[in-house]
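Reviewing the structure listed below.
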């Protein structure tokens with residue numbers, strides 16, 4: 001069995017034909033112009049899908065298209081509700097449009113959810129029944145996969161895991177609330193804290209490293225801390241605390257077997273993860289005698305979105 | 001089909017034989033001595049169950065016993081992990097013990113979860129697929145019922161919904177963390193705030209009402225506020241804010257169709273609920289264009305625990 005998996009990103013749309021064991025057969029991609037009308041962009045995408053399927057005569061059956069959307073949609077009708085970075089897409093019935101053009105069944109999924117499904121079925125979470133995935137990127141997204149099924153919520157709009165307030169009246173969040181997990185644990189938040197530390201500490205090594213890397217990104221405070229910088233240490237420690245407290249909340253709420261971290265900040269790997277593990281163990285998951293939760297980095301990288309979207313059929 | 005539903009409380013154990021439409025046939029109860037060994041208490045309970053079943057010759061099949069436990073347990077083995085108010089119960093294999101004495105299959109459930117199941121199957125949530133129940137009592141408990149199935153988490157230890165930090169480094173919580181939802185939204189927390197307001201405001205009507213009622217309980221600030229007391233108004237407004245923010249978190253995390261509130265504070269009914277609804281609408285569930293979440297009071301009252309425990313079989 002084969003499905004098409006597509007990941008809609010801010011600068012490109014990437015897709016692949018994928019076997020039901022999670023292996024990628026053929027990749028395709030096209031640039032993304034976010035100001036174009038969705039009919040035009042998705043029209044082009046459909047041509048690319050049709051071409052890929054025509055060029056590669058698969059022996060196995062192609063069962064459908066799964067597409068990961070960076071936003072929310074009504075999973076009963078297929079209409080996009082809101083894609084913050086694709087302003088023209090709201091109201092567009094993507095499912096109907098694609099089904100008409102490709103003559104294949106189309107399933108939609110939130111992009112963070114797609115990655116969660118991929119890691120739960122084919123990645124580091126494949127041995128477990130309760131897999132929580134948290135993406136630490138521009139925002140904080142996530143998904144909970146229960147017995148290999150994504151938790152959806154009413155109209156498919158559940159598990160907006162970045163938008164849990166962890167500090168009442170705290171930092172402003174893009175969602176309109178104050179103090180959300182995303183406002184502390186995203187790469188954007190980490191960069192904001194790095195910037196603030198730089199402003200406060202003109203002699204910090206942070207300045208030097210930003211210069212070396214050509215700009216601020218999630219690596220900066222970790223690199224500066226390794227070289228013994230005190231301001232960076234404070235940034236990292238605070239980040240670990242907020243991230244860990246949010247994850248502890250999710251341990252109590254979902255009691256997953258494993259939390260899989262992905263996205264820019266998670267690329268820090270065990271240097272970050274070991275601290276998070278230590279913090280979380282100290283706090284014993286907020287409840288005595290609760291079963292331990294494994295914290296791991298995602299393993300499927302940039303393919304996770306595509307694989308997870310295709311895996312809606314597997 | 002008939003099942004036995006049992007609710008283990010701090011002062012008594014209450015049970016009933018219950019039909020699979022949720023109706024109660026025969027009730028039974030016994031006092032609870034929390035310092036007795038569990039073998040003794042559960043031994044007595046089993047005799048009571050056997051007697052009830054013998055005295056009432058049911059035409060329908062009695063399929064098993066469901067028992068709601070005020071704590072955590074391993075739902076694979078049946079061993080109690082921790083019941084904060086029943087110190088001698090930890091380590092006791094309740095399932096095995098009861099199955100041997102009653103010759104019926106025994107299923108265990110957390111007591112807050114049992115109430116959630118009952119409301120989702122037979123109460124105010126029966127029309128909905130995603131039902132979140134939050135109990136505002138001595139602590140804050142809850143459960144999420146997805147398509148009539150309780151979410152369990154690893155080893156049945158998920159959905160400890162009171163232990164989500166909403167104010168980092170905030171009020172100390174019984175669980176060991178600081179700033180949990182429970183530390184602000186429980187009846188205990190409300191009483192603490194009432195007490196503090198009384199200490200700060202010696203002329204507040206709160207003193208008079210506590211005197212009238214013979215002590216502090218969740219009704220006090222609401223009654224004082226109705227009579228125009230400013231200190232009480234502040235207590236109520238703060239409570240509504242913390243409760244609503246916690247519920248908004250759960251809207252984003254689970255996107256339920258309905259949140260059902262139960263427990264002492266929820267008895268305030270629409271006087272509390274309307275404020276919570278207003279606060280939550282103003283904050284638009286933290287995400288633009290998210291489907292509205294209905295907020296309602298539980299309807300099954302003290303029977304919810306029994307009905308939900310029995311409903312593990314329905």
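The values are calculated or read from the model by the stated rules, or taken from the named source; none is laboratory data. The model shown is predicted, which means the values in this text are computed figures rather than measured ones. Ideal geometry is used to build each Cβ from the backbone, glycine not excepted, and the neighbour counts take in all protein chains shown.
Please go through the stretch A:127-152 and pick out each residue that is surrounded by 24 or more Cβ atoms within 10 Å (Cβ to Cβ) and not in a strand (DSSP E or B).
Passing the criteria: only A:139.
Got a sec? Which of A:101, A:107, A:51 is within 23 Å of residue A:304 (Cβ to Cβ), modelled with pLDDT of 95 or more and not assigned by TED's automatic domain parsing to the domain that holds residue A:153? So that I can check it myself, show each step before the final result.
Values: A:101 fails: within 23 Å of residue A:304 (Cβ to Cβ); A:51 fails: within 23 Å of residue A:304 (Cβ to Cβ).
The match here is A:107.
Considering (1) within 11 Å of chain B (Cβ to nearest Cβ); (2) free of Cβ contacts under 8 Å to residues at least 60 places away in the same chain, say which one residue A:88 fails and leave the rest.
(1)
Residue B:209 versus (1) under 25 Å from residue A:74 (Cβ atoms); (2) part of a helix (DSSP H, G or I): which is the lone unmet condition?
The failed condition is (1).
Just for the stretch A:256-293: of the residues that are in a loop (DSSP other than H, G, I, E, B), in contact with a strand residue (DSSP E or B) (Cβ under 7 Å, 6 or more places away or on another chain) and crowded, with 19+ Cβ neighbours inside 10 Å, which one is nearest to the other protein chains (Cβ to nearest Cβ)? Working first, answer last.
Going through the stretch A:256-293, the residues in a loop (DSSP other than H, G, I, E, B) turn out to be A:256-257, A:263, A:269, A:283, A:287-293.
Narrowing further to those that are in contact with a strand residue (DSSP E or B) (Cβ under 7 Å, 6 or more places away or on another chain): A:256-257, A:263, A:269, A:288-289, A:293.
Still in the running and crowded, with 19+ Cβ neighbours inside 10 Å: A:256-257, A:263, A:293.
Working: A:256: 6, A:257: 5, A:263: 18, A:293: 8 Å.
Per the criteria, the residue is A:257.
Just for the stretch A:159-169: of the residues that are part of a loop (DSSP other than H, G, I, E, B) and either surrounded by fewer than 19 Cβ atoms within 10 Å (Cβ to Cβ) or within 7 Å of chain B (Cβ to nearest Cβ) (or both), which one is modelled with the lowest pLDDT?
Just the residues of the stretch A:159-169 that are part of a loop (DSSP other than H, G, I, E, B), to begin with: A:159-164, A:166, A:168-169.
Add one more test, that the residue is either surrounded by fewer than 19 Cβ atoms within 10 Å (Cβ to Cβ) or within 7 Å of chain B (Cβ to nearest Cβ) (or both), and what stays is A:159-161, A:163-164, A:166, A:168-169.
Values: A:159: 82, A:160: 86, A:161: 93, A:163: 93, A:164: 96, A:166: 98, A:168: 97, A:169: 96.
Restricting to residues being part of a loop (DSSP other than H, G, I, E, B) and either surrounded by fewer than 19 Cβ atoms within 10 Å (Cβ to Cβ) or within 7 Å of chain B (Cβ to nearest Cβ) (or both), the top hit is A:159.
Please specify each residue of the stretch B:91-126 satisfying the condition of being surrounded by fewer than 17 Cβ atoms within 10 Å (Cβ to Cβ) and within 14 Å of chain A (Cβ to nearest Cβ).
B:91
Scanning for something in contact with a helix residue (DSSP H, G or I) (Cβ under 9 Å, 6 or more places away or on another chain), within 14 Å of chain B (Cβ to nearest Cβ) and in contact (Cβ under 8 Å) with a residue 60 or more places away in the chain, does the stretch A:225-244 turn up at least one residue?
yes
Quick one: which residue in B:190, B:155 is in a helix (DSSP H, G or I), touching a residue at least 40 places away in the same chain (Cβ under 8 Å), in contact with a strand residue (DSSP E or B) (Cβ under 9 Å, 6 or more places away or on another chain) and surrounded by 24 or more Cβ atoms within 10 Å (Cβ to Cβ)? Even if it seems obvious, please write down each step before you answer.
Details: B:155 fails: surrounded by 24 or more Cβ atoms within 10 Å (Cβ to Cβ).
That would be B:190, the only listed residue that is in a helix (DSSP H, G or I), touching a residue at least 40 places away in the same chain (Cβ under 8 Å), in contact with a strand residue (DSSP E or B) (Cβ under 9 Å, 6 or more places away or on another chain) and surrounded by 24 or more Cβ atoms within 10 Å (Cβ to Cβ).
I'd like the residue in the stretch A:175-187 that is under 20 Å from residue B:290 (Cα atoms) and within 10 Å of chain B (Cβ to nearest Cβ) and, out of all such residues, is surrounded by the fewest Cβ atoms within 10 Å (Cβ to Cβ).
Just the residues of the stretch A:175-187 that are under 20 Å from residue B:290 (Cα atoms), to begin with: A:175-183.
Remaining after also requiring within 10 Å of chain B (Cβ to nearest Cβ): A:175-181.
Working: A:175: 23, A:176: 14, A:177: 25, A:178: 16, A:179: 21, A:180: 30, A:181: 30.
Of everything passing the filter in the stretch A:175-187, A:176 is surrounded by the fewest Cβ atoms within 10 Å (Cβ to Cβ).
Within the group A:310, A:298, which residue is buried (at least 23 other Cβ atoms within 10 Å of the Cβ) and touching a strand residue (DSSP E or B) at 6+ places or on another chain (Cβ under 7 Å)? Spell out the reasoning first.
Details: A:298 fails: buried (at least 23 other Cβ atoms within 10 Å of the Cβ).
Exactly one residue qualifies, and that residue is A:310.
Is it true that residue A:150 is under 30 Å from residue B:259 (Cα atoms) and in contact with a helix residue (DSSP H, G or I) (Cβ under 7 Å, 6 or more places away or on another chain)? So that I can check it myself, show each step before the final result.
Values: under 30 Å from residue B:259 (Cα atoms): yes; in contact with a helix residue (DSSP H, G or I) (Cβ under 7 Å, 6 or more places away or on another chain): yes.
Spelling it out, residue A:150 is indeed under 30 Å from residue B:259 (Cα atoms) and in contact with a helix residue (DSSP H, G or I) (Cβ under 7 Å, 6 or more places away or on another chain).
In the stretch A:215-235, is there at least one residue being over 30 Å from residue A:76 (Cβ atoms) and in contact with a strand residue (DSSP E or B) (Cβ under 6 Å, 6 or more places away or on another chain)?
no
Right, residue A:32: touching a strand residue (DSSP E or B) at 6+ places or on another chain (Cβ under 9 Å) and without any contact (Cβ under 8 Å) to a residue 40 or more places away in the chain or not?
yes
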